[in-house]
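One structure below.
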Amino acid sequence: MIGAAISFIISLTVAKVIIYTGEAHSQLTLDHDLSGIQKMHETPVPRVGGGGIFVSALYSANIGAVWSGFYAGLITALFFVFIGGLIEDLSKTVSPLIRMSFMLFAVLYAVYVSHSMLLIHHMGYQRINYILRFDVISLFLTCFAVIGISNAYNIIDGFNGLSTTAGVINIIGLAYLAARVGDTMLLFVSLSLIAATLGFLVFNYPKGKIFLGDGGSYSLGFMISLISLNLTEHYYYQISPYAVLLLAVYPFTETVFSIIRRKYIHKTKTMAPDNLHLHQLVFDRCLPRGLPLLRRNGGVMPIMLLFIIPQLFVVIFYYNSNAIMLLGLLFYVVFYVYIYMRLIKFNVPRWLVVKRIN
């Protein structure tokens with residue numbers, strides 16, 4: 001717990017320093033684009049808040065515990081993900097393909113060099129497991145899953161506190177699973193990541209004084225993926241592989257649905273930004289338009305908790321049941337699509353509408 005507390009303090013301090021010295025590096029780190037299709041802030045804001053989380057993780061890698069070697073390998077792999085996103089945060093010119101290349105390299109490094117990530121070989125059913133015994137198939141699925149989840153946390157990073165809160169709740173579930181199977185190493189990693197993320201969140205929500213940025217959101221998703229894979233592969237006989245997917249089902253569903261929507265409905269590029277994500281519809285349809293932008297921005301995350309928290313409790317009680325986890329995934333997707341269609345047609349459920357309180 002002391003280590004987690006220090007991780008929180010380090011992340012908090014780095015975020016504060018970035019904000020305090022903002023004018024000195026404003027041309028490099030501040031998000032000056034206030035009119036972009038996905039922009040929901042009124043003044044330039046530093047978008048390198050992920051640096052605090054990464055620096056906090058570097059501290060944890062130097063602890064003297066028996067698993068420090070594993071953690072050092074993990075951080076080395078994470079470095080490539082963070083740098084790929086950070087370059088985009090600073091230059092605003094890096095293509096999605098190049099950023100994904102950094103993530104791909106990180107996965108390969110973690111699997112074959114630092115051995116801090118396991119390939120997916122177990123999916124809960126013998127016939128699927130038989131196919132996954134071929135490393136080329138297993139590697140493809142692992143890369144797809146890790147890169148997909150890393151990008152997913154970047155996609156939902158549109159409003160103050162949303163991506164980080166979703167990430168923290170996801171990691172709380174992973175920490176619970178680690179505790180249940182008695183894996184102190186993954187429990188420590190999870191608790192340290194929670195603490196570091198909360199340190200950043202102090203300045204990100206509700207006032208949005210600093211943003212996570214691509215480097216931060218990609219790193220958060222990568223760490224969640226790595227912890228998830230280690231849990232389900234080491235303890236496949238105790239934890240359903242679909243439990244960790246259910247924990248990350250909100251950003252995962254948002255990503256897959258957005259790709260399908262853009263490619264087959266709107267006939268646009270799958271990676272092209274738009275303002276039709278679920279959280280953007282919640283902002284536009286569920287919150288009073290008369291509120292100041294900052295208050296409307298801060299109102300999105302609490303509403304989105306309805307799409308983030310319930311699955312945590314399902315996993316806590318039924319994490320070892322493939323059937324219940326798959327039913328949970330199916331129910332969530334149906335619920336997500338139902339609510340999305342209601343919002344897109346301006347037929348907003350009354351329980352989602354926030355009335356203005358002066």
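Read the figures in this text as sums done on the coordinates, not as results from a lab. Predicted model only: the values in this text are computed from it and were never measured. Neighbour counts are summed over all protein chains in view; Cβ atoms, including those assigned to glycine, are modelled from backbone coordinates with ideal geometry.
Considering the convex hull of the alpha carbon atoms of the chain, report its projected area averaged over all viewing directions, in nm², one decimal.
Over every viewing direction, the Cα hull of the chain projects on average to 18.0 nm².
Pairs K92/K207; K269/K345; K263/K345; K92/K267; K207/K267; K209/K355: which are spaced more than 30 Å apart, C-alpha to C-alpha?
K207/K267
List the residues, sorted by chain then number, that are 5 or more residues from V45 or on another chain and whose placed amide H is less than 5 Å from its amide H.
D31
How big is the Cα convex hull of region 44-141 in projection, averaged over all directions, in nm²?
Its average projected convex-hull area is 8.4 nm².
Can you compute the helix-only [θ] at 222 nm over the chain? Use -39500 (n - 2.57) per DSSP H run of at least 4 residues, normalise by all residues, nearest 500 deg cm²/dmol.
The helix contribution divided over the chain gives -22000 deg cm²/dmol.
Do you know the relative contact order of the chain, to the nearest whole percent, from alpha carbon pairs under 8 angstrom that are 6+ apart?
That works out to 23 percent.
Any idea what the dipole of the chain comes to, in debye rounded to 20, about its Cα centre with Lys/Arg Cβ at +1 and Asp/Glu Cβ at -1?
1220 debye
Using +1 on the beta carbon of Lys and Arg, -1 on that of Asp and Glu, and nothing else charged, what's the dipole of region 46-190 about the Cα centre, debye to 20?
Once rounded to the nearest 20, the dipole reads 180 debye.
Among L306, Q27, F144, flag the residue with its Cα farthest along the positive direction of the charge dipole of the chain, charges on Cβ as +1 for Lys/Arg and -1 for Asp/Glu.
L306
Considering just Cα atoms, how many Å³ per residue does the convex hull of region 61-199 enclose?
Once divided by residue count, the hull of region 61-199 is 136 Å³.
Can you give the relative contact order of region 235-358 as a percent, counting alpha carbon pairs under 8 Å and 6+ residues apart?
Answer for region 235-358 is 39 percent.
Compute the FRET efficiency between I259 and Y20 as 1/(1 + (r/R0)^6), taking r as their Cβ-Cβ distance and R0 = 56 Å, and round to the nearest 0.05.
0.90
What are the semi-axes of the equivalent ellipsoid of region 227-305, taken as the square roots of 5 times the eigenvalues of the Cα gyration tensor, listed largest first and rounded to whole Å?
After diagonalising the Cα gyration tensor, the semi-axes are 32, 20, 8 Å.
If packing is taken as the average number of other Cβ atoms within 10 Å across a peptide's residues, how do 202-209, 286-293 rank, most packed first?
Top of the packing list down: 202-209, 286-293.
What order, most packed first, do the peptides 221-230, 139-148 have when packing is the mean number of other Cβ atoms within 10 Å of each residue?
In decreasing order of mean packing, 221-230, 139-148 become 221-230, 139-148.
So what's Rg/Rh here for region 163-299, counting alpha carbon atoms and using the Kirkwood radius for Rh?
1.03
What residues from region 156-199 fall in the zone where the backbone N is under 12 Å from a label point 7 Å along the Cα-to-C-beta line of Q238?
So the set is 176-187.
Roughly what would the spin-label model give for F313 and L291, points 7 Å off Cα along C-beta, in nm?
Between F313 and L291, the label points sit 2.4 nm apart.
Label-point separation (nm) for I9 and L352, each offset 7 Å from Cα along Cα-to-Cβ?
4.4 nm
Could you work out the Kirkwood radius for region 233-358, taking every pair of different alpha carbons, averaging 1/r and inverting it, reported in Å?
Computed over region 233-358, the radius equals 16.2 Å.
When you count, for each residue, the other Cβ atoms within 10 Å and take the mean per peptide, how do 122-129, 249-256, 301-308 rank with the highest first?
Ranked by mean Cβ neighbours within 10 Å, highest first: 249-256, 301-308, 122-129.
Which residue, chosen from F346, L291, A195, occupies the Cα position most advanced towards the positive end of the dipole of the chain, where the dipole is computed from +1 (Lys, Arg) and -1 (Asp, Glu) charges on Cβ about the Cα centre?
Value: F346.
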